[in-house]
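K.L.:
Quick one: the structure is below, and I'll ask about it shortly.
The values are calculated or read from the model by the stated rules, or taken from the named source; none is laboratory data. This one's a predicted model, so the numbers in the text were calculated from it and none came from an experiment. Neighbour counts run over all protein chains shown; Cβ positions are idealised from the backbone, glycine included. Surface accessibility is based on the protein's heavy atoms, side chains included, excluding ligands, DNA and RNA. Shrake-Rupley method; radii C 1.70, N 1.55, O 1.52, S 1.80 Å.
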Amino acid sequence: MRSSNPTRRWTSQAWFACILTCMVVLILAGAGLGTQVLADTTAVSNRLNDHISPARTTVVKLDDALGDQAFGLRAFEVSGQPELLEPYRSGVADGQTATARLRELLAGEARLLTELDELDRLATQWRRDTAEPLIAERRPSGTATPPGDAFAAVRAQVADLDAALLDERTRGRAALDDSRRIRNAVFLGLAVLLLAAVAAIAVVLRLVVLRPLARLGAAVRTVAAGDFDHRLSPHGPTDIAALGHDVEAMRCRLVQALVAAGETRDALARSNADLEQFAYVASHDLQEPLRKVASFCQMLQRRYADSLDDRAQQYISFAVDGATRMQRLIHDLLTFSRIGRVYDSSQPVDLDRILDEVEQTLAGTIEETGARIDRPRLPTVQGDATLLTMLWQNLIGNALKFRHPDRPPHVTISAASVEGEWRFTVSDNGIGIDSEFAEKIFVIFQRLHPRDKYSGTGIGLAICKRVVEHHGGAISVDTTRSDGTMFVFTMAGHGGSPVAGTSDQVGQALAASP
C-alpha cells in the first residue's frame, strides 16, 4: 500500500531541487519586474534630460535668431547698407538650424511639434510677406518701422512653444517622481517578498527535511547512549526514511549481537566461577597431597639414606623436585587467574612507594649481584597496588636474573606522559632477547632457557602482560636494542577492564604444564 504522505514520495534531493527552482523563478520574476520599473524610470528621466530640457535651450537660441533677424532688418531699413543685413541672414540660418534641432529633439512629441510647425509657418510668413519685400526695395527710409503684428505673432508663438515645453518638463518631473516612487515600492515589495519566500523555504525545509533528520539523529543518539530497545520510526523524504530503516536494522542486529554477547558473558562468568572453584581446589586439595609426597620422600631419604643406593637417592630427588615444581606451578597459576578477579581494585597508587617495596624485597639479590637501579621520580597512577607490585617485581627480578656474567646488572627506569597516558621503560644490560622471541616471551609457561640454568616457571612476563592490559595499557620488548633488554609499557590514567579469556588461557596452561 502506497503512502499518502507526499514527503514519503519525494526524496530530500527532490525537495531541494523544488525549492531551488522556486527560488530561481522568484528571482527571475523579481529581476524582470525590477528591470521593467527601472526601464520606465530611465525612459522618463531620459525624456526630460535628453529631449525636453535641450529643446527649451534650443527655443532660446531660436528666439535669439529671430531677434537677430529683426535687428538686421531694422538696421538695413534705416541705413540701406546691405552689409547691415548680415545679422538678418545669420539669424535666418541659425533659426533654421534651431528649428531642425527642435524637430530632432521633439520627435514623437505631437503637441510640441504642432506648436513648432505653427512657429515655423509664422516665421516663414513674416520673412516672405514683410522682410523679403523690404529688402528687395533697397531704399533707406531713415527711420525704423515697428516690427508689426506679424513678427509679434512669431514672438508670441515662441513664448507659447516655450510655455508648452515648460509644461512638459513639469509634467515629466511629476512623472519621474511617480516612476521613482513606483520603483521604490516595487523594490521594497520584492525585498519583502524575497524575505517571505526565504522564511517560507526555511519553514518547509525544517518541516520536511530538517525535522525528520533531527528526529532520526535524536533517536540514534538515544540508541548510542545505551537504550538499545528504543525503536526508530523514520519519517520524512524517502531517502531519509530509508536511512532510518537501515539504522533500525543495524540496531536490531546490535541487539541480537548484545544478546549473544550476554549469553557468552554469562557462560564466561560460569566458567570463571568454575575456575575459582578449581583455583580453590588447586590451592588446597592439590597442594596438600604434593606437600605430603615431598615430605614423605624427604623422610625416606633421611631415614633410609644408608640403605638406598645412588639410583634410589636420585629417584627420590626427582620426586621431591617434581613435587616442589608442581607446587610452584600451581601457585603461579593461581596468581595468574586472580588478576582482574581477586586483585581488581582501582585507587591512586604511588609507584615510588611500590618501587621502594620491590627494591626492599629484592635487596638480597641486589646486594649479591652488585646491581644498580636508576629511576626518576615516578607518578601516581590509578590501579591495584598488588598487581603493580607484581609487575615491577617481575620486570626488575628478570633484569637481575638474566644478567650478563661479565658485568654487574644496571637497571634504568624512565617514565613520561605521552598523549594522556604514561609510558614506562625498564632497560638492563643483561643477556638480551632475540627479536624472534619478542612475542613468545609473553605466553604463559614459555621458557627460553633450561631450568638448570635459570630458575622459574615461565609465567612472570605473562603476568606482566595481563597486569598492564588490566590497567588499560600494552607491553612490548624493544627489538632494536642489542646491549641488553628494554621493556616498554603504557598505562592509562585509570585502571582498565579485566581481560577476557582468563579461563581459556588457564585451561591451555594446565594442559601444557608438566
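K.L.:
Would you pick out the residues in the stretch 349-373 that are within 18 Å of VAL426 (Cα to Cα), in contact with a strand residue (DSSP E or B) (Cβ under 6 Å, 6 or more places away or on another chain) and open to solvent by less than 50 Å² (accessible area, probe 1.4 Å)?
P.N.:
Within the stretch 349-373, just ILE373 meets the criteria.
K.L.:
Within the stretch 100-118, count every residue that is surrounded by fewer than 19 Cβ atoms within 10 Å (Cβ to Cβ) and on the phi < 0 side of the Ramachandran plot.
P.N.:
Residues in the stretch 100-118 being surrounded by fewer than 19 Cβ atoms within 10 Å (Cβ to Cβ) and on the phi < 0 side of the Ramachandran plot: 11 in total.
K.L.:
Evaluate the stretch 81-95: report whether one residue or more is open to solvent by 10 Å² or more (accessible area, probe 1.4 Å), out of contact with any Cys (no Cβ under 8 Å at 6 or more places or on another chain) and closer than 23 Å to ARG169 by Cβ.
P.N.:
The answer is no, given that none of the residues of the stretch 81-95 is open to solvent by 10 Å² or more (accessible area, probe 1.4 Å), out of contact with any Cys (no Cβ under 8 Å at 6 or more places or on another chain) and closer than 23 Å to ARG169 by Cβ.
K.L.:
Select from the stretch 202-235 the residues that are within 21 Å of ALA14 (Cα to Cα), open to solvent by less than 60 Å² (accessible area, probe 1.4 Å) and more than 25 Å from the chain's Cα centre (by Cα) and list them in ascending order.
P.N.:
Answer for the stretch 202-235, where residues must be within 21 Å of ALA14 (Cα to Cα), open to solvent by less than 60 Å² (accessible area, probe 1.4 Å) and more than 25 Å from the chain's Cα centre (by Cα): VAL204, PRO234.
K.L.:
Taking ASP64, is it closer than 19 Å to LEU165 by Cβ, touching a residue at least 12 places away in the same chain (Cβ under 8 Å) and either open to solvent by 70 Å² or more (accessible area, probe 1.4 Å) or among the acidic types (Asp, Glu) (or both)?
P.N.:
Details: closer than 19 Å to LEU165 by Cβ: yes; touching a residue at least 12 places away in the same chain (Cβ under 8 Å): yes; either open to solvent by 70 Å² or more (accessible area, probe 1.4 Å) or among the acidic types (Asp, Glu) (or both): yes.
Yes, satisfied.
K.L.:
Among (1) more than 26 Å from LEU38 (Cβ to Cβ); (2) part of a helix (DSSP H, G or I), which single condition is ALA175 missing?
P.N.:
In the conditions (1) more than 26 Å from LEU38 (Cβ to Cβ); (2) part of a helix (DSSP H, G or I), ALA175 misses (1) alone.
K.L.:
Quick one: GLN36 ticks every box in (1) closer than 30 Å to ARG183 by Cβ; (2) open to solvent by 80 Å² or more (accessible area, probe 1.4 Å); (3) in contact (Cβ under 8 Å) with a residue 60 or more places away in the chain; (4) of a type in the set (S, T, N, Q) bar one, so which box is it?
P.N.:
(3)
K.L.:
Any idea how many residues of the stretch 236-253 are open to solvent by less than 80 Å² (accessible area, probe 1.4 Å) and part of a helix (DSSP H, G or I)?
P.N.:
Going through the stretch 236-253 one residue at a time, the tally reaches 11.
K.L.:
Can you tell me how many residues within the stretch 412-445 are among the acidic types (Asp, Glu) and either in a helix (DSSP H, G or I) or closer than 19 Å to GLY473 by Cα (or both)? Show your work before the answer.
P.N.:
Residues of the stretch 412-445 among the acidic types (Asp, Glu): 419, 421, 428, 434, 436, 439.
Then drop every residue that is not either in a helix (DSSP H, G or I) or closer than 19 Å to GLY473 by Cα (or both), which leaves 419, 421, 436, 439.
Count: 4.
K.L.:
Next question, about the same structure. Name the pairs whose Cβ atoms lie under 8 Å apart, with the first residue in the stretch 119-137 and within 13 Å of PHE76 (Cβ to Cβ), the second outside any helix (DSSP H, G or I) and open to solvent by 60 Å² or more (accessible area, probe 1.4 Å), and 6 or more positions between them or separate chains?
P.N.:
Close Cβ pairs satisfying both conditions: LEU134/THR145.
K.L.:
Go over the candidates VAL223, VAL204 one by one and state the one that is in contact with a helix residue (DSSP H, G or I) (Cβ under 8 Å, 6 or more places away or on another chain), within 30 Å of GLY32 (Cα to Cα), not basic (Lys, Arg) and not in a loop (DSSP other than H, G, I, E, B).
P.N.:
VAL204
K.L.:
Next up: Cβ-Cβ under 6 Å, sequence separation 6+ or interchain: first residue in the stretch 382-404 and polar (S, T, N, Q), partner not in a helix (DSSP H, G or I). Which pairs?
P.N.:
Partner pairs satisfying both residue conditions: GLN382/SER346; GLN382/HIS494; GLN382/GLY495; THR386/TYR343.
K.L.:
Another question, then. Considering ALA438, ALA462, which residue is modelled with pLDDT under 75 and either open to solvent by less than 20 Å² (accessible area, probe 1.4 Å) or in contact with a helix residue (DSSP H, G or I) (Cβ under 6 Å, 6 or more places away or on another chain) (or both)?
P.N.:
ALA438
K.L.:
Give, as residue ranges, the helices (runs of 4 or more DSSP H) completely inside the stretch 72-139 that count at least 2 residues that are polar (S, T, N, Q).
P.N.:
Correct list: 86-105, 110-126.
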